[in-house]
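The values are calculated or read from the model by the stated rules, or taken from the named source; none is laboratory data. All values derive from a computational prediction rather than experimental measurement. Every residue, glycine among them, receives a Cβ derived from its backbone with ideal geometry; neighbour counts consider all protein chains shown.
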Amino acid sequence: MPAASSLPWWQRPRFWAVVLALVVVAINLASMASTGAWDPWETHYGEVARNILVRHDPLDLWWQAGNGGPDAVAEKTFWSKPALPFWLMALSMKIFGVGTSGPPDELVQPFWPEFAIRLPSMLAGLGSAALLGYVAWRQVSPRAGILTAAVLVTMPQFAVATRQALTDMIFVGPVVLAAAAWILAWGQPDRPLRRRGQGARSLPWDRAYLAFAIVFAAAVVAPLAVIHQHAYDPYTWATVGKNPGHAASLRQIQSHMFIYWGLVVLVLGLSLRWTRRSQVWMGVLYIAAGLSLLGKGLIGPGLVGAVVLVHLVVTGRWDLLRRCGLPTGIVLFALASFPWHHAMVLFRGERWVNELIIQNNLARFDTGEQKQAVGSFAFYLETLGLAALPWSAVVPLVLAAAFGIGRKASAPAEATSEASEAGEAGEAEAPASASTEASEATSPAGEAGEAGEAEAPDFQDFSLAPTPEAARRVLHQFALIWFSVALFAIGYSVTKYYHYLIPVLPPLALLVGLWIDQRMSGPRTHVGPRLIGVAVGLAVLVAVVRDTFHSTAWLAHLTTYLYTGMWRTGGPEVSALPWLVLPFGLGLLAWALGRHRAALAGFVLSGLLTTGWAVDDYLPAASENWSQRSALRLYFAERGPRDRLVSWWFYYRGETWFSKQDVWVMKDVDRKALTELFDQVEGQDTTLWFITIEPHARRLAAQVPQRYRGDIEEVYKSFHYTLLRVHVP
């Protein structure tokens, strides 16, 4: 294969990587303005993030439904999720000047509000794909890297979750970072860190260490500084500090945070003495595991730890436990995740611990949360068909091949383990040149000089992959373990939501990318197995498309938790879907005939078309039924100076977000309270605007005072929401 630099520019891998990135970014931005924030999560989470800015409080997450009505202050806290997603949304809103100033109708205007709250998820999702692609590019080939990234960003569930303001990507991103760090630590030949200076005065001068330093500064130092500064902020003391109990808690936070600053200095000093690249990447892994805890809770570090543990079991390389810097790693994990939790324990106490840890983490895994969120393991196997469409058509082939490669990888792993132990005992010593050659073989061209640095004579490589071919096998084996552990974890959990499948998609995309790359360059299989695989793939495509026609809201359900009743309706037409997956079906036929290039073109084209349709056609159409933006934009356009928005028998969060909490809230029917509202506004020549769901709108007339029952006017109606108004002279 000719060197990349000798190829025409349009054939170089980096050119196609840039093209893929530009196309995916364009797909994500094209419909941003036409897709309002969805209930209940985007609007709920966006309002929590906005309150961080309004209240100048990054510590105590806050939710308040409105500024009037019997249920306006029924909730005044938000303790169901950790802080990281809301910090990132608030930072994005601050940068773009969204949510804290401007006109009252600011949040119903297009693009910037949606872009601000969705940007963190977009960066996490697209960044995860880029990082996973980089790992495959580095470990296997540029083609494998581009394919892995392309597969992941064109899986519909991953693409839609990337485009929405959810917590899932803020936890999946760190998990992907941790997995990548593990492979970069042990899945390639290790080498000494480049350093500058002599002896004890030398410092790491290495790109790998620079990556660690950036992650450490962003994930450890910055959040700790924000939390500590908040405890000293005069604004905090002028508001929260008036309460004697809160004042005492703030003083405790002030003193306790110095413990973490001491640990920062300690771990930074220890990191300056690192001598191996593997130590640096393990440091990144521990920080990423801590971030995943701060992103969504215990599932993040639990998943990272389980994947690593199973990988050690399968490879038999228990000696890596002694080499992975566990004591320093525990400190790094604590620094990335504990300060906010510690401060909240001091500030809110046992009630907060019970709601966040017990109810919203452990109970969901063990006892279930809602009746609609309970199912069998097959729940996710069926969901995977649409979540990974059209790539789900090759998943059976991919998994069959992966299990075969996993078995082949065990023998080299055992040999590596034996050599490692022998070298450790002084019985065998691998020459430094062998390690250098292996490192050069697996490193990108840009790092050839770095890998070619003279190594210490006594340097020993304890990695799982001393050769490029071993690196491919180890990565394939690790991806299969990662996929299996993630699927088992969500399948074992009693609570089952469609979006719980998202952590399974990155390792699946890696498996698909590696499989296609291997088939493109490896020997052709026999015709019989190819035909069977193609038949299975075509059957999967037909079954998934058929089920999508039967439930057009299925794609919308992949990132929400409301699946019953009226939420089964309102799904846009999916008549284009068969045409979108047709290139994939034709690609499967070309694959059976051995026309791999034509097949690959069909696969990628179908993936991009399906994702473009899901993000730029389906989501905007579905937003009319899953977002209140159109209804409330009409309210702001036609309301008078004394008019009042009323959330009646309704509590879906969008009414709070779009109105900036300027809403009268009634969660359940209360005729007396509603009559009192009419009495309060009589004589002011005002209009009451009622936002509610369609089934409840028909019952409003029976609840308002009799003299106004004939004046109810319906001004907006979708499958899920209805906006009505009553003029009160």
Could you tell me whether the range 514-531 includes any residue that is in contact with a Leu (Cβ under 7 Å, 6 or more places away or on another chain) and farther than 30 Å from ALA179 by Cβ?
no
Residue check, VAL135 against (1) under 29 Å from TYR235 (Cβ atoms); (2) crowded, with 24+ Cβ neighbours inside 10 Å; (3) in contact (Cβ under 8 Å) with a residue 60 or more places away in the chain, all met but one. Which one?
(1)
Which residues, taken from the range 24-34, are crowded, with 16+ Cβ neighbours inside 10 Å, assigned to a helix (DSSP H, G or I) and not polar (S, T, N, Q)?
VAL24, ILE27
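Yes or no, residue by residue, for (1) touching a strand residue (DSSP E or B) at 6+ places or on another chain (Cβ under 6 Å); (2) surrounded by 14 or more Cβ atoms within 10 Å (Cβ to Cβ); (3) outside any helix (DSSP H, G or I):
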site: ILE259; (1), (2), (3): no, no, no
site: TRP274; (1), (2), (3): no, yes, yes
site: ILE287; (1), (2), (3): no, yes, no
site: VAL310; (1), (2), (3): no, yes, no
So, first residue closer than 14 Å to ILE183 by Cβ in the range 272-288, second residue among the basic types (Lys, Arg), Cβ within less than 9 Å, six or more apart or across chains; the pairs are ARG277/ARG191; SER278/ARG191; SER278/ARG323; MET282/ARG323
Scanning the range 453-508 for residues that are in a helix (DSSP H, G or I) and of a type in the set (Ser, Thr, Tyr), the one modelled with the highest pLDDT turns out to be SER484
Across (1) within 28 Å of the chain's Cα centre (by Cα); (2) outside any helix (DSSP H, G or I), PRO189 clears everything bar (1)
MET122: passes all of (1) at pLDDT 95 or above; (2) over 30 Å from LEU514 (Cβ atoms) but (2)
Would you check which residues across the range 192-214 are in a helix (DSSP H, G or I) and under 33 Å from the mean Cα position of the chain (by Cα) and list them?
ARG207, ALA208, TYR209, LEU210, ALA211, PHE212, ALA213, ILE214
Just checking, how many residues over the range 196-214 are without any contact (Cβ under 8 Å) to a residue 24 or more places away in the chain and either among the acidic types (Asp, Glu) or in contact with a Pro (Cβ under 6 Å, 6 or more places away or on another chain) (or both)?
0
So PRO113 fits all but one of (1) within 18 Å of VAL18 (Cβ to Cβ); (2) in contact with a Leu (Cβ under 8 Å, 6 or more places away or on another chain); (3) not basic (Lys, Arg); what number is the exception?
(1)
Within the range 493-550, the count of residues that are among the aromatic types (Phe, Trp, Tyr) and closer than 16 Å to LEU600 by Cα comes to 1
Just one of ALA65, ALA90 is in contact (Cβ under 8 Å) with a residue 12 or more places away in the chain, within 19 Å of SER121 (Cβ to Cβ) and crowded, with 20+ Cβ neighbours inside 10 Å; which is it?
ALA90
For the range 687-729, enumerate the residues that are among the small types (Gly, Ala, Ser) and free of Cβ contacts under 8 Å to residues at least 12 places away in the same chain.
ALA701, ALA702, GLY710
Could you please give the count of residues in the range 591-608 that are free of Cβ contacts under 8 Å to residues at least 40 places away in the same chain and either surrounded by 20 or more Cβ atoms within 10 Å (Cβ to Cβ) or under 25 Å from ILE693 (Cα atoms) (or both)?
2
State whether one or more residues within the range 548-558 are under 23 Å from MET155 (Cβ atoms), more than 26 Å from the chain's Cα centre (by Cα) and in a helix (DSSP H, G or I).
yes
Restricting to the range 522-544, give me the number of residues that are assigned to a helix (DSSP H, G or I) and in contact (Cβ under 8 Å) with a residue 60 or more places away in the chain.
11
Quick check: is even one residue across the range 197-206 in contact with a Gly (Cβ under 9 Å, 6 or more places away or on another chain), farther than 20 Å from LEU88 by Cβ and surrounded by fewer than 23 Cβ atoms within 10 Å (Cβ to Cβ)?
yes
Can you find a residue in the range 618-640 that is part of a strand (DSSP E or B), farther than 17 Å from GLN164 by Cα and either without any contact (Cβ under 8 Å) to a residue 12 or more places away in the chain or not assigned by TED's automatic domain parsing to the domain that holds LEU107 (or both)?
no
Among the residues listed as ALA130, ALA150, ALA124, ALA217, the single one being in contact (Cβ under 8 Å) with a residue 24 or more places away in the chain, of a type in the set (Gly, Ala, Ser), outside any strand (DSSP E or B) and surrounded by fewer than 24 Cβ atoms within 10 Å (Cβ to Cβ):
ALA130
Go through LEU177, LEU268 for me and flag whichever is more than 30 Å from HIS499 (Cβ to Cβ) and in a helix (DSSP H, G or I).
LEU268
Output the number of the condition that TYR45 fails; it satisfies all remaining conditions of (1) at pLDDT below 95; (2) hydroxyl-bearing (Ser, Thr, Tyr); (3) under 25 Å from ARG348 (Cα atoms).
(1)
